[in-house]
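First comes the structure, then the notes that go with it.
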Amino acid sequence: MIDVTIANFEAEVVAASMTTPVLIDFWAPWCGPCKSLGPILEKVEAEYAGRFKLVKIDSDQEQQLGAAFGIRSIPTCILMMNGQPVDGFTGALPEGKVKEFLDKHLQPADELPEEQELALEEESTDPAAVLEKLQHAVAANPADDNARFDYVKLLLQLGREDDAKVAFAPVIAQTTVVRRFDSLKRWMDAMDFVARQDAGAVEGLDARIAANKRDFEARFDKARGLMVQQRWTEALDELLEILMRDKAWNEELARKTYIAILDVMEAPKPKVADGQIPPEDATVATYRRRLSSVILS
C-alpha cells in the first residue's frame with residue numbers, strides 16, 4: 001500500500017497502471033467506513049500477491065485529485081488500467097465483494113506447478129531451446145496465458161507468422177479480456193495490413209506526412225509498417241505524434257496500439273529474490289512516461 005499525493009500520482013498511479021492494475025482508495029482520517037474498508041483492501045492486496053497495486057489518497061489533503069475523479073463520497077475506490085479509470089465502487093464493501101470486483105478485471109493467478117515455473121524462468125540464449133520450452137509449457141497447461149503470450153511472441157519475432165497464428169487461435173476470443181493477447185493481435189493485424197499493400201503505397205506515406213502533419217491515417221499506417229519490421233521505438237514515435245495532436249483519434253486507436261507495442265517489446269522479467277523488484281526495461285519505462293505526459297497534458 002502506498003500513500004499518493006499530486007506529486008507522485010503520475011509515477012505511482014498512471015505509469016504504474018500501464019503494467020499492473022492500480023486500485024485507488026479515496027479516504028479520510030475522520031471517515032468511519034474508510035477505517036473498516038482500509039484493512040480489507042490491504043489484506044486482499046497481500047493475498048493477490050502482485051496482481052494489483054493498492055494506493056491510498058487522502059481526499060481532504062488531495063482535493064485536486066478528488067475533483068479530477070469526481071469523488072463525491074468516501075470511501076470510493078477507482079481501478080486504473082493502462083493509464084485510465086476502468087471501474088470503481090463506493091462504500092465499505094465486505095472482503096468477498098471486493099474480491100468479486102477485482103476478479104472481473106484481473107488476470108487469474110498463475111497456477112503452474114513450481115518446477116514448471118522455474119523451468120520457464122531459466123535464461124537461455126538459444127531461441128530454439130526457448131521456443132521448445134514454451135511449446136511444452138503451453139501443451140502442458142493451455143490455460144497458462146503467460147507462456148502462450150511468450151510462445152506466440154517468439155514465433156512472430158522469428159518470422160513464423162503462420163505458426164504463431166495457429167498457436168494464437170485457441171485464445172483469440174480472449175483478446176477483449178486479456179490485454180497482452182490484444183497486443184499480439186494488433187501486431188498480427190499490422191502484418192496482415194502490410195502484406196496487402198503494394199510498395200508504392202508504403203513509400204508514399206512519408207510524402208503524405210510531410211505535406212500534412214495531421215494525416216493521422218498515414219502516420220498510423222507508417223507505424224504499422226514499423227511494427228512489422230520490429231522497429232518499435234520508431235513506431236512509438238509516430239503514434240506519439242498522433243496522440244500529441246489528438247488523443248482520442250479513431251476511438252483511441254493510437255493509444256491502444258502504443259500500449260500494445262510496449263507489451264510486445266518488453267522482455268520477460270528476470271527472476272529475482274523474494275522481496276526484490278525486477279529491473280524495468282529503460283526504454284520501455286521512458287516511453288511509458290512519455291505516454292503518461294501526453295495523456296495528462
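The values are calculated or read from the model by the stated rules, or taken from the named source; none is laboratory data. Being a predicted model, the structure only gives us computed values, none of them experimental. A quick note on method: Cβ atoms are made from the backbone with ideal geometry, for glycine too, and the neighbour counts reach across all protein chains shown. Heads up: the accessible areas ignore ligands, DNA and RNA and are worked out on the full protein's heavy atoms, side chains in. Shrake-Rupley method; radii C 1.70, N 1.55, O 1.52, S 1.80 Å.
Ranked highest first by the average count of other Cβ atoms within 10 Å around their residues, in what order do 69-81, 188-200, 13-25 fall?
Working: 69-81: 18.7, 188-200: 12.9, 13-25: 21.5.
Top to bottom by mean Cβ count within 10 Å: 13-25, 69-81, 188-200.
With Cβ to Cβ distances under 13 Å as the rule, what net charge do the other residues near PHE69 carry (K, R +1; D, E -1)? Don't skip to the end; give the middle numbers.
Numbers: positive: ARG72; negative: ASP25, GLU62, ASP87.
Combined, the nearby Lys, Arg, Asp and Glu give -2.
Sorted by average packing, counted as other Cβ atoms within 10 angstrom per residue and highest first, what order do 27-34, 180-187 take? Mind showing how you got there, number by number?
Numbers: 27-34: 14.6, 180-187: 21.1.
The most tightly packed comes first, giving 180-187, 27-34.
Can you give the local net charge around LEU296? Use residues other than it whose beta-carbon is closer than 12 angstrom to its beta-carbon, Lys and Arg +1, Asp and Glu -1. Write down the numbers at each step before the final one.
Details: positive: LYS247, ARG289, ARG290; negative: GLU10.
Result for the neighbourhood of LEU296: +2.
Among residues other than PRO29 whose Cβ falls under 14 Å from its Cβ, what is the net charge (Lys/Arg +1, Asp/Glu -1)? Working shown, then result.
Working: positive: LYS35, LYS56; negative: ASP3, ASP25, ASP58, ASP60, GLU62.
Residues close to PRO29 contribute a combined charge of -3.
How big is the gap, in Å, between the Cα center of the stretch 9-23 and the Cα center of the stretch 147-212?
26
To the nearest 20 debye, what charge dipole does the stretch 149-297 have about its Cα centre, counting +1 at the Cβ of each Lys and Arg and -1 at the Cβ of each Asp and Glu? Before the final figure, lay out each step's value.
Details: 24 positive and 25 negative charges, 76 e Å.
My answer is approximately 360 debye.
For the chain, take the longest principal axis of its alpha carbons; what is the angle in degrees between that and the long axis of helix 127-140, to the nearest 10 within 0 to 90?
Between the helix axis and the principal axis of the chain, the angle is about 60 degrees.
Relative contact order of the chain: what whole-number percent is it, with Cα pairs under 8 angstrom and at least 6 residues apart? Walk me through the intermediate numbers first.
Working: 339 pairs, mean separation 39.9, N = 297.
In percent, rounded to a whole number, it is 13.
Nearest 10 degrees, 0 to 90: what angle lies between the long axis of helix 232-245 and the longest principal axis of the chain (Cα atoms)?
For helix 232-245, the angle is close to 60 degrees.
If a/c stays under 1.5 just call it rounded; otherwise compare a/b with b/c (prolate if a/b is bigger, oblate if not). Do that for the stretch 50-92, with a ≥ b ≥ c from the square roots of the Cα gyration tensor eigenvalues.
Numbers: a/c = 1.62, a/b = 1.48, b/c = 1.09.
Since a/c reaches 1.5 and a/b is larger than b/c, the shape of the stretch 50-92 is classed as prolate.
Please work out how much length the chain gains when fully extended from ASP237 to MET191, using 0.36 nm per residue of separation minus the C-alpha to C-alpha distance, in nm with one decimal. Provide the component values of the computation, followed by the final result.
Details: separation 46, 0.36 × 46 = 16.56 nm, distance 1.89 nm.
My answer for the length gained is 14.7 nm.
Counting alpha carbon pairs within less than 8 Å and at least 6 residues apart, what relative contact order, in whole percent, applies to the stretch 184-250?
Normalised by residue count, the contact order of the stretch 184-250 is 31 percent.
For helix 216-228, what angle does its Cα long axis make with the longest principal axis of the chain, in degrees from 0 to 90 and rounded to 10?
80
Could you give the dipole magnitude of the stretch 1-80 about its Cα centre, charging the beta-carbon of Lys and Arg +1 and that of Asp and Glu -1, in debye to the nearest 20? Intermediate results must be reported in sequence, preceding the final value.
On the way: 6 positive and 10 negative charges, 47 e Å.
Its charge dipole is roughly 220 debye.
Is the stretch 1-54 best put as rounded, prolate or oblate by its Cα gyration tensor, with a ≥ b ≥ c the root eigenvalues, rounded for a/c under 1.5, and otherwise prolate when a/b is larger than b/c, oblate when not? All intermediate terms of the calculation are to be shown ahead of the outcome.
Working: a/c = 3.14, a/b = 1.25, b/c = 2.51.
Verdict is oblate for the stretch 1-54.
Have a look at LYS53, LYS247, LYS43 and tell me which one the Gaussian network model of the chain (Cα, springs below 10 Å) gives the largest fluctuation.
For the chain, modelled as a Gaussian network with Cα springs under 10 Å, the answer is LYS43.
Using only the heavy atoms of the protein chains and a 1.4 Å probe, how would HIS136, HIS105 rank by accessible area, largest first? It would help to have the intermediate numbers written out before the result.
Details: HIS136 110, HIS105 50 Å².
Output order, biggest surface exposure first: HIS136, HIS105.
Strictly under 4.7 angstrom between C-beta atoms: which cysteines of the chain have no such partner?
CYS77
Of LYS165/LYS247; LYS222/LYS256; LYS53/LYS104, which ones are farther than 26 Å apart at the Cα? Present the calculation step by step, with values, prior to reporting the outcome.
Working: LYS165/LYS247 31 Å; LYS222/LYS256 16 Å; LYS53/LYS104 16 Å.
From LYS165/LYS247; LYS222/LYS256; LYS53/LYS104, over 26 Å: LYS165/LYS247.
From the Cα gyration tensor of the chain, with a ≥ b ≥ c the square roots of its eigenvalues, which class applies: rounded if a/c is under 1.5, or else prolate if a/b is larger than b/c, or else oblate? Write out the running numbers ahead of the final one.
Details: a/c = 2.31, a/b = 1.31, b/c = 1.77.
Note, shape of the chain comes out oblate.
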